[in-house]
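Colleague: Have a look at this one.
The values are calculated or read from the model by the stated rules, or taken from the named source; none is laboratory data. Everything numeric here is computed off the predicted structure, so don't read it as measured data. Neighbour counts are summed over all protein chains in view; Cβ atoms, including those assigned to glycine, are modelled from backbone coordinates with ideal geometry. Only protein heavy atoms, including side chains, enter the accessible area calculation; ligands, DNA and RNA are left aside. Shrake-Rupley method; radii C 1.70, N 1.55, O 1.52, S 1.80 Å.
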Amino acid sequence: MDAFLINGPSIFASADAMSAKEPSIWGLGAYIAFVLVILLVLMSYAKKGLSVRVFKNPVTSLFEQLYLFIENMCVSSIGQHGRKYIPMMMVFWLMIFVGNIVALLFPFAPTADLSFNLGMALIAVCYVQYEGVRANGLLGHLKHFTGPKLSGAMVAISGLIFTIEIISELMKNVSLSLRLYGNIHGGHLAVEAMNQLGNKIYVPLGVLVLLLIKLLTCLVQALIFTMLTCVYLSLVTHHSEDHAEEGHTATAH
Amino acid sequence: MSNSQKSSGAPPALLYVAGLVLMVGGTYASLNLKIEAIEKLNEQGLPLDLGKTVAVIGVFLILFPAIKSFFLNPLTEAIETRNHQLEDTFSEAENLRAEMHKLRTDYEARLAETEAEARFQIQNQIKEAQNLRQQLMTEAAERADALVRQAQMEIEQEKTQAIATIRTHVVDLTLAAAEKVIGENMDTDKNRRLIAEFMDTVEVAS
């Protein structure tokens, strides 16, 4: 039992694992490949159930529910044009969720790596900027960062707001990546620490106490990442939609 | 896939190439490049590797179009097809319901029309029968009156005739009685005329 606790999955791991270094890029690659294999198997299985009118395959049904959930999230936070972001959000959600589940059972997972999370955050934030420029034009998008229109000596405040907004945009990367990293990596550390407490009586305390909470964390973190990305997209694209709707209404009248 | 769901990003081939380049470049950077600031972060407990980050960006650039074309497009298509089928079914059911409602309305209207017509016919028949009855009653009354009048006339005639006969008999009897009393034939034309004149003055009780 002791050997199992030391060498087993992360939820049973001892203090040795706590001091272990982050894996190399090949290790991270292997874990990403592992997550992708899981997703590929699930998707292939789910695809078989798409041919019928009513999805009886439980995996297909789950994917359908996930799709509808993401669709609802995109439409409710971004608007009708938010449907075009569904594939991106689905990919983020699936990668984060499956990565988090892997983190429950293995000593490491892609989402427990800050570099991996920073990569995803950079994609999300850069894409938000790209969509902002597409929707409002480069100047219009930059104008968003200056806050309300001020005149005279108050223009200096606009400059200050612009600087703060740029820092805020950069910090979105940090917050998105650190939040996920902190939750998953911190969850590992918490489980390992509690397991250490129960090692002497051969009871995996971390598993018993924290497994359900960690499971909830897996779900919530995937949700938070995608929802925040939706909110960021909404902030930079909703003006263009409003104007488009106003224009459409004016034309109709 | 509907227009609203079409991605606004770069073409998939470009994403694949860019992803591959970033993966290779990131891997190379992770293995060979050391940045002092990042090393310091690592020492402080933040295990950051920008090479990995670049490689991960590359992986995601490949993943987005790959997962989309492999699974999300078929899934979206299946959901939309099913939704359209359901919409069609509901629309068809709604049309059938409207048609049924229309048929029912027509049927009810026709039924009401038929009922009204039947009621009109019945009323007409009743009116006709009442007219006929009235006519028959009138005819019967007229006929009865005629019969009564004829009977009264006949009675009157019979009465007159009977009175005349009685008068003749009374004259005969009177003459016979007078003849017996007097003992001689008094049956002369003058006597007969006197008796008749007398009889005319006498009122016979009817």
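Colleague: Looking at the range A:25-252, how many pairs of lysines come closer than 25 Å at the Cα, when each pair is eight or more places apart or spans two chains?
Modeller: Lysine pairs meeting both conditions in the range A:25-252 amount to 10.
Colleague: So what's the back-of-envelope 222 nm ellipticity for chain A, counting only DSSP H runs of four-plus at -39500 (n - 2.57) apiece and dividing by all residues, rounded to 500?
Modeller: -27500 deg cm²/dmol
Colleague: Can you give me the pair-distance distribution of the protein assembly as shown, C-alpha pairs, 20 Å bins, whole percents?
Modeller: The calculated distribution, bin by bin, is 17, 32, 15, 6, 5, 5, 6, 7, 6, 1.
Colleague: Further question: Evaluate the Debye formula for the range B:14-63 with equal point scatterers sitting on the alpha carbons, no solvent, and hand back log10 of I(q)/I(0) at q = 0.20, 0.23 Å⁻¹, in q order, two decimals.
Modeller: Here log10 of I(q) over I(0) equals -0.62, -0.73.
Colleague: Ok, one more. On the principal axes of its Cα set, how long, how wide and how thick is the range A:167-223? Give whole Å, largest value first.
Modeller: Rounded to whole Å, the extents work out to 50, 18, 8 Å.
Colleague: Quick check: from the Cα gyration tensor, does the range A:51-134 come out rounded (a/c under 1.5), prolate or oblate?
Modeller: Oblate, because a/c is 1.5 or more while a/b does not exceed b/c.
Colleague: Under a point-charge model restricted to the Cβ atoms of Lys and Arg (+1) and Asp and Glu (-1), what is the dipole moment magnitude of the protein assembly as shown relative to its Cα centre, in debye to the nearest 20?
Modeller: 2880 debye
Colleague: Run the helix sum for chain B: -39,500 (n - 2.57) per DSSP H stretch of 4+ residues, divided by residue count, reported at 222 nm to the nearest 500 deg cm²/dmol.
Modeller: Result for chain B, helices only: -30000 deg cm²/dmol.
Colleague: Tell me, what is the percent relative contact order of chain A, built from C-alpha pairs under 8 Å that lie six or more residues apart?
Modeller: 30 percent
Colleague: Same structure, new question: With an 8 Å Cα cut-off and a minimum separation of 6 or more residues, compute the relative contact order for chain B in percent.
Modeller: Contact order relative to length: 15 percent.
Colleague: Rounded if a/c is under 1.5, else prolate if a/b beats b/c, else oblate: with a ≥ b ≥ c from the C-alpha gyration tensor eigenvalues square-rooted, which is the range A:69-181?
Modeller: Oblate, because a/c is 1.5 or more while a/b does not exceed b/c.
Colleague: Under the rule that an exposed site lies in a DSSP loop and has at most 12 other Cβ atoms within 10 Å, name the longest stretch of chain B with no trypsin sites (Lys or Arg not before Pro) of that kind, not counting the sites themselves. Before the final figure, lay out the partial values.
Modeller: Numbers: sites that count: B:K6, B:K34.
The reported range is B:35-206.
Colleague: With no solvent and one equal point scatterer per Cα, compute the Debye intensity ratio I(q)/I(0) for the range A:25-252 at 0.08, 0.10, 0.15 Å⁻¹ and report its log10, rounded to two decimals.
Modeller: -0.40, -0.60, -1.08
Colleague: With the cut-off at 18 Å, report for the range B:24-117 the share of all Cα pairs above it, as a whole percent.
Modeller: For the range B:24-117, the share of Cα pairs beyond 18 Å comes to 72 percent.
Colleague: Hey, could you get me the Stokes-Einstein D for the range A:103-234, Kirkwood radius over alpha-carbon pairs, 10 °C and 1.306 mPa s, rounded to whole µm² s⁻¹?
Modeller: Translational diffusion coefficient: 92 µm²/s.
Colleague: On average, how much area does the Cα convex hull of chain B cover when viewed from any direction, in nm²? Mind dumping the intermediate values first?
Modeller: Details: hull surface 133.6 nm².
Taking a quarter of the hull surface, the average projection is 33.4 nm².
Colleague: Tell me the accessible surface of A:M171 in square angstrom (1.4 angstrom probe, heavy atoms of protein chains only), to the nearest ten.
Modeller: Spelled out: A:M171, probe radius 1.4 Å, area about 100 Å².
Colleague: May I ask for the longest run of chain B untouched by GluC sites (Glu not before Pro) that are loop-located per DSSP and have at most 16 neighbouring C-beta atoms (other than their own) within 10 Å?
Modeller: Excluding the exposed sites themselves, the longest stretch runs over B:1-183.
Colleague: While we're looking at this one, here's another question. Quick one: helix B:50-67 against the long Cα principal axis of chain B, what's the angle to the nearest 10°, folded into 0 to 90?
Modeller: The answer is roughly 30 degrees.
Colleague: A further question on this structure: Go through the range B:79-95 residue by residue and turn each phi into a ³J(HN,Hα) via Karplus (6.51, -1.76, 1.60, θ = phi - 60°); whole Hz please, and just put x for glycine and proline.
Modeller: Computed from phi, the couplings for the range B:79-95 are 5, 5, 4, 5, 4, 5, 4, 5, 4, 4, 4, 5, 5, 4, 4, 5, 4 Hz.
Colleague: Helix A:205-252 versus the longest principal axis of chain A: what is the Cα-based angle in degrees, 0 to 90, to the nearest 10?
Modeller: So the helix axis and the longest Cα principal axis differ by about 10 degrees.
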